Amino acid sequence: MTIFRKRKQIWCLWPSKPIALIEFIGGSYLATNPQISYRRLLEGLNQKGFAIHAWSYIPGFDHQSQANEAWKALRKLRVQFENRIGGLPKAIRIGHSLGCKLHLLAPDGGRNSHSLIALSFNNFTAEKSIPFVEELSSKIGLQAEFSPNPKETMRIISTSYLQSQNLLIRFEKDNIDQSQYLLDILQNREGIDNTKIILMKGDHLTPASYGIRKFLLGNNTETISKTRKLSQLIDQIHQWIKETL
């Protein structure tokens, strides 16, 4: 039985001989308890031989601050992991939804990682992302927007994100995905770029565990279909990492 261990804000799965380390940041409120909301995805990757570090957080408006916090926490635990196993496997950053943005805003510009896998990237305004935020902002007389805002986020990525090896995954029925926009930004940077995008069956919540989907979408979701799509996602991630290591 797979058992997650929590070290401060990070949930871990440590195999004895990992082929690589996955540093995972989930999306919005799903990431509060990634060991539950992304359990099947993370356990599936762990069974392929990957060590897992999944950062837990409550989303706020200051995304740059949270990106810095995640980067520092993951970096510190990476050192502890290296001391435990006597060496450090290559680190692959994986983000889902908002988690993609936080990885892309990391203060090292992605340099201290082997690659990034971005699942269902999106970069909307607070008004589009949070129900009733516009109405609440008008009532209290404050302008509520993420920092950096969507436009500034893409400017930072285009000038400061230095990782050349990126896999963007979007899903057929995901109507809030902006992976194509991110692809254009990444491929327009100077220098060699190995970014690619693939389309898979599923929707925005495909990376999340079935229990979370059932809670959000009701009982009419198809367990077998969901399980198959998640297994295909795990296999795709595993195959791409193997090809690039």
For segment 104-168, which helices (runs of 4 or more DSSP H) that fit wholly inside it have 3 or more residues that are modelled with pLDDT of 95 or more and aliphatic (A, V, I, L, M)?
150-160
The residue from 78, 93 that alone is assigned to a strand (DSSP E or B) and either open to solvent by less than 50 Å² (accessible area, probe 1.4 Å) or over 19 Å from residue 244 (Cβ atoms) (or both) is 93
Please give the number of the condition residue 73 fails out of (1) in a helix (DSSP H, G or I); (2) free of Cβ contacts under 8 Å to residues at least 24 places away in the same chain; (3) aliphatic (A, V, I, L, M).
(2)
When you scan segment 63-75, how many residues do you find that are under 18 Å from residue 146 (Cβ atoms), out of contact with any Pro (no Cβ under 7 Å at 6 or more places or on another chain) and open to solvent by 40 Å² or more (accessible area, probe 1.4 Å)?
2
Go through 31, 51 for me and flag whichever is small (Gly, Ala, Ser), surrounded by 15 or more Cβ atoms within 10 Å (Cβ to Cβ) and part of a helix (DSSP H, G or I).
31
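The values are calculated or read from the model by the stated rules, or taken from the named source; none is laboratory data. On a predicted model such as this, the values are computed, not experimentally measured, just so you know. Using ideal geometry, Cβ is built from the backbone for each residue, glycine included, and neighbour counts are taken over all protein chains shown. Just so you know, the surface numbers come from the protein's heavy atoms only, side chains and all, with ligands and any DNA or RNA stripped out. Shrake-Rupley method; radii C 1.70, N 1.55, O 1.52, S 1.80 Å.
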